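Heads up, the thing below is written out as structure tokens.
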Amino acid sequence: MLLLRSLTFGYPHASPLFQNFNWEIQRGETWAILGSSGCGKTTLLYLLAGLRAPISGHIEIDGEALRRPRPRAGLILQDYGLLPWATVRENAELGLRVRNFYGPDGKHAPKDVRLENRVPYWLERLGLAEVAEKYPAQISGGQRQRTAIARTLALQPDLLLMDEPFSSLDAVTREDLQNMTLSLCEEQNLTLVIVTHAIEEAASLGQKILLLGAAPNTRARVFENPNAGMEGHRNSQAYRELCESLWREMKHEAA
């Protein structure tokens with residue numbers, strides 16, 4: 001589904017974060033991008049979203065070159081991206097309103113997907129129906145994150161990109177939303193790419209984990225984690241060994 005070939009990217013007056021970097025993601029996979037601060041995790045996510053363009057090399061999704069934000073890619077940011085003056089329902093409807101304004105032009109909305117207003121369904125499904133007329137400041141962090149997820153799923157994406165979406169939540173809410181995200185991705189056949197700096201979160205969510213190191217990243221270091229999302233995985237020996245292995249790798253990079 002998604003290919004990065006010989007990708008090079010860096011910000012002006014700085015060393016490249018990626019140099020001749022190759023990576024491949026298949027449809028329906030769940031990936032976690034892990035690494036220390038400044039290694040390029042969020043930048044890579046923005047490249048996949050079409051919000052940044054490589055200096056050289058290219059990105060393909062379903063065989064087409066990615067040159068601008070793609071209508072069927074959903075991006076959920078760390079701060080949720082909610083409008084403070086809009087209600088939960090209005091925030092969840094925002095993406096649909098934008099797409100209906102432009103119509104199915106292939107740029108702002110897919111040409112081949114007829115979007116129905118499924119916001120009421122997702123508000124109910126995500127436990128937000130009772131707070132639908134409240135404003136972001138009046139609800140919890142977990143409810144704000146669910147609102148951002150509802151807004152994204154209402155657009156029927158096939159690729160879900162998440163930038164440290166659970167980092168500010170308490171442990172119980174974080175695990176609940178992690179499990180819910182994996183269940184929704186499996187149910188909706190979504191490809192998931194989530195950025196995190198937490199080893200335990202990467203080992204819990206990513207069936208495959210891309211570990212980024214100090215710039216420039218020249219190769220994709222991938223750790224297989226096929227039991228991610230399965231019942232009991234967080235308490236398994238395989239989970240603990242993977243976390244220890246990732247910790248050693250990150251410590252070695254920092255040395």
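The values are calculated or read from the model by the stated rules, or taken from the named source; none is laboratory data. Note that this is a predicted model, so its numbers are computed, not measured. No Cβ is skipped: glycine too gets one built from the backbone with ideal geometry, and neighbour counts run over all protein chains shown.
Details
- Residues that are over 30 Å from CYS243 (Cα atoms) and over 17 Å from the mean Cα position of the chain (by Cα) within the stretch 35-58 comprise ALA53, PRO54, ILE55, SER56, GLY57, HIS58, listed in sequence order.
- Filtered residue count, the stretch 116-138, keeping only those that are of a type in the set (Lys, Arg) and in a helix (DSSP H, G or I): 1
- The condition of being under 24 Å from GLY38 (Cβ atoms) and out of contact with any Ser or Thr (no Cβ under 6 Å at 6 or more places or on another chain) holds for only one of LEU246, LEU184, LEU177, that being LEU246.
- Among strands (runs of 3 or more DSSP E) entirely within the stretch 1-81, having at least 1 residues that are among the hydroxyl-bearing types (Ser, Thr, Tyr) and either on the phi < 0 side of the Ramachandran plot or out of contact with any His (no Cβ under 6 Å at 6 or more places or on another chain) (or both) singles out 2-9, 30-34, 56-61.
- Meets criteria (among the hydrophobic types (A, V, I, L, M, F, W, C) and at pLDDT 95 or above) for LEU48: yes
- Restricting the stretch 214-233 to residues that are touching a residue at least 40 places away in the same chain (Cβ under 8 Å) and over 19 Å from the mean Cα position of the chain (by Cα) leaves a set whose member that is nearest to ILE25 (Cα to Cα) is ARG219.
- Candidate set: the stretch 73-85, residues that are surrounded by 13 or more Cβ atoms within 10 Å (Cβ to Cβ) and more than 13 Å from the chain's Cα centre (by Cα); chosen: the one farthest from ASP163 (Cα to Cα): LEU82
- A residue that is of a type in the set (A, V, I, L, M) and modelled with pLDDT of 95 or more can be found somewhere in the stretch 236-245.
A quick yes/no check of all residues on (1) in contact with a strand residue (DSSP E or B) (Cβ under 7 Å, 6 or more places away or on another chain); (2) modelled with pLDDT of 90 or more; (3) not charged (D, E, K, R):
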position: LEU75; (1), (2), (3): yes, yes, yes
position: PHE101; (1), (2), (3): no, no, yes
position: HIS108; (1), (2), (3): no, no, yes
position: LYS111; (1), (2), (3): no, no, no
position: PRO120; (1), (2), (3): no, yes, yes
position: SER168; (1), (2), (3): no, no, yes
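- Residues (in contact with a helix residue (DSSP H, G or I) (Cβ under 9 Å, 6 or more places away or on another chain) and either surrounded by fewer than 16 Cβ atoms within 10 Å (Cβ to Cβ) or touching a residue at least 40 places away in the same chain (Cβ under 8 Å) (or both)) located in the stretch 48-70: LEU51, ARG52, ALA53, PRO54, ILE59, ILE61, PRO69, ARG70
- Restricting THR173, THR181 to those that are among the β-branched types (Val, Ile, Thr), under 21 Å from GLY95 (Cα atoms) and modelled with pLDDT under 95 reduces the list to THR181.
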